[in-house]
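Here's the structure we're looking at; comments come further down.
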Amino acid sequence: MSSKTILAGLLALIFSCATALADGGGGGSRDGMDSGGGQRSGLSAKTTKAVVTTLTRGFERCGTLPWAYKYDCYRHTYKLAAQKLDGNQAYAEAHRALVLVEETLTRAVKQNLDPAQPVKRKGLNLYRPVKREAVPQIKRQTEAAMKKAETILLRSPANKQVHYARIAEAVNSNKVLLRSALLPGGMIRLAWGLLKAAVPA
């Protein structure tokens, strides 16, 4: 290989590096894209759907657990939903709303753990039990946090309302299921599930 060819290659490399730095390279991102070309930020139907699906399906799965483990499962559900919005400033208010519910449940579960019962595994996750006498209080705290989360979502800027309203609806559905969680026989939960199945999405 001639010295001219090597020199030309070096010049091309230097030029490409300089261009990348000028465009915000060096490990950064541009136009909401990550280094691999994937979407990192901005409102999107895909992101909103992922959050809504996590909340609705997660809460339904929690409903199959014994009462003592439901609230740690609810906490895990909101944690997963919030994680889907990490670092996405377009969903900053939604992320704050979901973290509010998660942190409320984290504190409530931690303060009311029942050492007399074992940790329960469901799938790949482990859930901690709470004391029976603490459940009504935890339920009230969780419902209050969900109401605040809905308020945050519904008071979001107008350009975010289409996406935030869907997330608020999922939080409200969770709240309805939460209210019925301790009723005898779970008949309201069953009726709600049948209603959702009967009404087209």
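Can you pull a Stokes-Einstein diffusion coefficient for segment 45-198 at 4 °C (1.567 mPa s), Rh from Kirkwood over Cα pairs, as a whole number of µm²/s?
Values: Rh = 15.8 Å.
Stokes-Einstein gives a translational diffusion coefficient of 82 µm²/s.
May I ask you to compute the full-extension gain from residue 53 to residue 110, defined as 0.36 nm times their residue separation minus their alpha-carbon distance, rounded to one decimal in nm?
Residue separation times 0.36 nm, minus the Cα-Cα distance, leaves 17.9 nm.
Cα to Cα, under 24 Å, and not fewer than 8 places away if on the same chain: which lysines meet these conditions relative to residue 120? Qualifying lysines at Cα under 24 Å: 70, 79, 110, 131, 139, 175. Each of 100, 126, 112 was scored by the projection of its Cα onto the charge dipole of segment 45-198, and the greatest displacement toward the positive side belongs to 126; charges sit on the C-beta of Lys, Arg, Asp and Glu.
Taking the mean number of other Cβ atoms within 10 Å as a proxy for protection, how do you rank 47-56, 149-158 from highest to lowest? Each step should come with its number before you reach the end.
Details: 47-56: 18.6, 149-158: 16.1.
Output ranking for 47-56, 149-158: 47-56, 149-158.
Taking 0.36 nm per residue of separation and subtracting the Cα-Cα distance, what length does fully extending residue 144 through residue 46 add? It would help to have the intermediate numbers written out before the result.
On the way: separation 98, 0.36 × 98 = 35.28 nm, distance 2.85 nm.
Gain in length upon complete extension: 32.4 nm.
We did not get these values from a lab; they are worked out from the coordinates using the rules stated. As the structure is a computational prediction, the values presented were derived from the model and not from experiment. Note that each Cβ is placed from the backbone with ideal geometry, even for glycine, and that neighbours are counted across all protein chains shown.
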